[in-house]
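Beneath this line is the structure, given in C-alpha cells, with notes to follow.
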Amino acid sequence: MSDKKVVLELKNVDKSFGPIDVLHEISLKVREGEVLCLLGDNGAGKSTLIKTLAGVHNATRGEILVDGEPVIFSGPRDAQDRGIATVHQFGGTYPLMSVGRNFFMGQEPTKGFGPFKVYDRKKANKIAVEEVQKMGITRIDDGDRLVGGLSGGERQSLAIARAVYFGARVLILDEPTAALGVKQAAHVLRIVNEAKKRGLAVIFITHQVMHAMTVGDHFAVLIRGAIAADFRKGEKTREEITDLMAGGQNMADLEQEIEGYMEAHDGHPPKVEPAE
Amino acid sequence: MSSPAANAPADTATSGFSIGSLIRRPEAGSLIGFVVVYIFFAILGGAVFMGAPGWSSWLNIAAEVGIIALPVGLLMISGEFDISVGAVVPASSVTCALLSGQFGLPAIVGIGGALSVGLLVGFVNGMIVTRTSIPSLIVTIGIMFAVMGLTLGLAVLVKGSTSVGYVPDPLTKSLLGTFIGGMFNVSIFWWMGFIAVFFYFLHISPIGNWVFALGGDAESARNAGVPTAKLKVSLFMMSGFAAAFVGIAQVMTYQSAQVAGGQPFIFNSIMCAVIGGVILTGGAGSIIGIVLGTMTFAVVNQGIFFARLDPNVGSIIIGALLLAAVLTNDSFRALALSYATKKK
C-alpha cells in the first residue's frame, strides 16, 4: 500500500446512539502527507465518523489509535491537543472580525506587563497574513480586514492556515467545497495539496467525486455506516466511484430509467411516492 | 518580528491615517450623529446650552445611563440582552438604604450589599442563559419581575413603605453623590472610570476578542477554546454590578431609595448602545461608539428643555435617531466588509 507513517488509525470502530447503529466496523488508516477522501451520500454516517475522530463522540466499540497508541478523547479540545483539527464548512470564522483576530481566536498573542495583558494586534496581523500567504492566498495582505469581506474559499483557507499554524497533524475538512463555486473550490483544493506537501494527514469529506479525485491519494466510500470500498488513487474510475456512492446502483441505469419514464409521460420526471 | 521586510505588508495599510479608514470605523456613524444633534440643539438652545449649565445637565444624564449602557452594550456585542438592569437599579438603592439607613450600618456595608445584589442577579441571569436554551431577552425579563417583586416586598416588610430614606456621611456623599460646582454630578467621573476599564477590557485585553466571537459564532468560539459559558456569566455579572452602582449613586445623590423607577434604564441603555453602532445581532460594536451613543441620547434628552420644545418632540427625535442608527449601522457594516473586496 504505502510506506508513509500512519498517524491516525481506526480499528473496527462501531458507534451507536441508543439502539441505532450509525457506524459499523469502520477500519481506516490515515497517513501523514496523504489525503484520505471520505465519500458518501447524505446520511451515510460521514458526520458521525468525523465527530468520532474529532473527539465529539466516543466510539461505542473498537479502537482509535494516534501514532499507534490507543486513545480515548475526552472532548474536542483533547483531540485538538493531539493535533487533530477539524475545519467546518465556513471554517469557524467570524465575519465582523479582522483577519488577525480570527486567526488567533482563543490563543491571542499578548504583550505587556503583569496582569495587564495587551492584545498584540501588530504581531497577530503579521503572523496571520504571513501564514495565509504561505498557503498561497496572496490577496489577503492586511490583517485588519474583516473576514466577512473575504470569499468562501479564502475563509476556508484562513481556517486551514490557522489549524496548520497551531500544530495540526491531522486535518479534517468537512465538506469544504460544498458551498463554493468552481473557482473557489479550486482554491481550497490547492490549499489541501499544500497541506499535504507539508506532511499533514488530511481527511477530506465530500460528495463531489471530481474534487476528491483531484487531491485524493486514498479513498473510502461510506454506505449506511459501513465502508463499502477502500482503494487507492488510480484503482477506480470516476464512474465506478459515483456508482458506489449511489449505493451500488449503476448511474447509467438510473439515468436510462428516468429518461425512459419521462418519454412515456410527456417529459415529466417519475413521481416519488410520499413517505407515510 | 523577524525582518522589517516581512513587517511591511501588514503595516502599510494599518498605520496610515486616512479619511477612508476613519469613515469605515464602526464609530463613524455615531460621531456624525452626535455632532449633528449637538449642533441642532446648540442653535436652538443658545449660549446656555453650550455653557456649563447645558453641559452639566446632559452629562449628568449621560453618566447615569452611560455606566449601565457600557456592559449592556458589551452583552449585545456578545449577542445577549439584559432587561433586568431596570430592576437592579432600585433593588440596589433599596438594599443600600435599608442596610446603611434603616439599620445604621457603615456606608461601606450598604454599598457592598448593594453591589452583591447586582452581581448575584447577573450571576443568576448568566447561569440560566448558559444552562438553558431560553433567549436572554426572556430570561432577563423574568428575572426583572422577580427582582422588582422582591424589592417591593422587602421594602414594605421592613420599612412599611415604598421609599427608604438614607443620609450618607459627608465622605461617602462627596465620593458618590455630590454635585461638583453645584452642577456636575460626581458620577460623571465614575463614568469616565468605567469607560477606561471597559475600553481596556474590550479593545486592549485579549479577552475582548472573545466577546466579539461570542456574538459572531459562539459554537466556533467554544471549539477554539474560548470559555464561552464563563465569559457570558461574567458579562451578565458586569451589567448587574454597573446597574447596582448606579442605584447606589442615586441613593447617595437623592438621599432616598424608591422601589420603582428603574424602568427607563432598560430601553435607554439599549438605545445608547444601538445609536452607538452596536449591532443588534451581535458581533460588532465599540466602547467609543457606546459612549458617543450615550452622549447623543443625553443631548437630545436634555436639549429639549433648553430649546423650549415640547418634551414629546424629544421622544420623536430619539425614536427617529434609533431608526436612523440601525439603518446606518447596516450600511457602515456593508462598507466595512466591502473594504476587503474593492481594495484591489
Candidates B:Glu27, B:Glu80, B:Glu219, ranked by Gaussian network fluctuation over chain B, Cα under 10 Å, top entry: B:Glu219
Peptide-level mean, for B:214-221, of C-beta atoms on other protein chains within 10 Å: 5
Kirkwood Rh and Cα Rg combined as Rg over Rh, evaluated for segment A:96-162: 1.01
Alpha carbon centroid spacing (whole Å) that separates segment B:269-311 from segment B:52-102: 14 Å
Candidates per chymotrypsin sites (Phe, Trp or Tyr not before Pro) in segment B:73-133, loop by DSSP, up to 12 other Cβ within 10 Å: B:Phe103
Cα gyration tensor of segment B:147-187 - equivalent ellipsoid semi-axes, whole Å, descending: 29, 12, 8
Debye intensity ratio in log₁₀ form over the Cα atoms of the protein assembly as shown, taken at each q of 0.05, 0.10 Å⁻¹: -0.31, -0.96
Viscosity 1.306 mPa s, 10 °C: Kirkwood-radius Stokes-Einstein D of segment B:119-205 over Cα pairs, µm²/s: 95 µm²/s
Most fluctuating residue given options B:Val274, B:Val88, B:Val167, as computed from a GNM of chain B linking Cα atoms under 10 Å: B:Val167
Projected area averaged over orientations for segment A:14-66, convex hull of C-alpha atoms, nm²: 4.0 nm²
Averaged over A:148-158, number of beta-carbon atoms from partner chains that fall within 10 Å: 2
Peptide A:126-137 - average C-beta neighbours from other chains (10 Å radius): 2
Derived scalar couplings ³J(HN,Hα) [segment A:34-43; Karplus, 6.51 cos²θ - 1.76 cosθ + 1.60; whole Hz; x for Gly, Pro]: 10, 10, 9, 9, 9, 10, x, 6, 4, x
Histogram of C-alpha separations across segment B:199-340, 5 Å bin width, %: 2, 8, 13, 18, 18, 17, 12, 7, 4, 2, 0, 0
25 °C / 0.890 mPa s Stokes-Einstein diffusion coefficient of segment B:27-330, Kirkwood radius on C-alpha pairs, µm²/s: 126 µm²/s
Residues whose placed amide H lies under 5 Å from that of A:Val22, excluding near-sequence neighbours: A:Lys15, A:Ser16, A:Phe17
Cα shape, segment A:182-236, gyration tensor, a/c 1.5 rule: prolate
Among B:Ile68, B:Ile266, B:Ile108, residue whose mean-square fluctuation peaks in a GNM of chain B (springs only between Cα atoms under 10 Å): B:Ile108
Relative contact order (%) - criterion: Cα under 8 Å, at least six apart; region: chain B: 33 percent
Amide hydrogen neighbours beyond the local backbone of B:Tyr166, cut-off 5 Å, H modeled: B:Ser256, B:Ala257
Largest-first principal axis extents of the Cα set of chain A (Å): 77, 46, 42
Mean Cβ count within 10 Å, highest first, over the residues of peptides A:214-223, A:95-104: A:95-104, A:214-223
Where Rh is the Kirkwood radius over Cα pairs, Rg/Rh for segment B:147-278: 1.05
Radius, Kirkwood style, for segment A:92-204 when every pair of distinct Cα atoms is counted (Å): 14.4 Å
DSSP H segments from chain B that extend 24 Å or more along their own axis, Cα-based, with Kyte-Doolittle mean of 0.0 or above: B:28-50, B:52-77, B:107-131, B:136-158, B:228-254, B:287-306, B:311-342
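All of the numbers you see were taken from the coordinates with simple rules; none came from a lab. Since the model is a prediction, treat every value here as computed from it, not as a measurement. With ideal geometry, Cβ positions are generated from the backbone for all residues, glycine too; neighbour counts draw on all protein chains shown.
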